[in-house]
Amino acid sequence: MGFAAKYVRVVDAVNYRIGRVMMYSLFIMFGVLLWSSISKTFFVPSLWTLEIAQFLLVAYYILGGPYSMQLGANVRMDLLYANWSAKKKAWFDAFTVLFLIFYLGVLLYGAIDSTTYSFEYNERSPTAWRPQLWPIKVVMCIGIFMMLLQAISELFKDIARIKGEDL
């Protein structure tokens, strides 16, 4: 379990730091939305505020997901799960995380394809502001990749729990 322990330690540390930064990025989004309200009321409405707020929310959600998974803050159906032993939970989690890993792999493949298209054709948003879309698509690729790494980390932790060890 030497490699697994090191992998878990590194991936958890990186996702923890990214998650903490993203947690405070909400304040940036609040500032953008506050400016949007002020500019619409007192000045000429800004074209960029709504889209920037949407991009920030995507980054918050995508990059904060691995941190949420790490903390166990993801949503579960606790009807049966809550009453199971730690070993039974680990077996169930180890089985179901394989579906998540497959899903994230497919999602990452599509995200990389979409990002490549965005770079090749200089894709822009169809709004009046027309920002380039590649920056948010790159953020999405990074976030999905980090979520994939975190899912593998959770698999290693579950396997260790099944063996009676703790990473």
Review point. Residue by residue through the range 20-33, which ³J(HN,Hα) values in whole Hz follow from phi under the Karplus form 6.51 cos²θ - 1.76 cosθ + 1.60 (θ = phi - 60°), with glycine and proline marked x?
Key: 5, 5, 5, 4, 8, 5, 4, 5, 5, 5, 4, x, 5, 5
Check your understanding: Using r as the Cβ-Cβ distance of I28 and R76, and R0 as 41 Å, what FRET efficiency do you calculate, to the nearest 0.05?
Key -> 0.85
Point to revise | Value of relative contact order over the chain, rounded to a whole percent, pairs C-alpha under 8 Å and six or more apart | key: 33
Revision key, fill the gap. Using eta = 1.306 mPa s and T = 10 °C, Stokes-Einstein with Kirkwood Rh from Cα pairs puts D for the range 1-102, in µm² s⁻¹, at 95
**Study point:** Computed Rg/Rh of the range 61-167, alpha carbon atoms with Kirkwood Rh
**Key:** 1.13
Check your understanding: How far is it, in nm, from the label point at K88 to the one at D113 when both lie 7 Å from their Cα along the line to the Cβ?
Key -> 4.1
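Laboratory data are not the source of any read-out in this text; all were calculated from the coordinates shown. Please read all numbers here as calculations on a predicted model, not as lab measurements. Please note: Cβ atoms are built from the backbone with ideal geometry, for glycine as well, and neighbour counts cover all protein chains shown.
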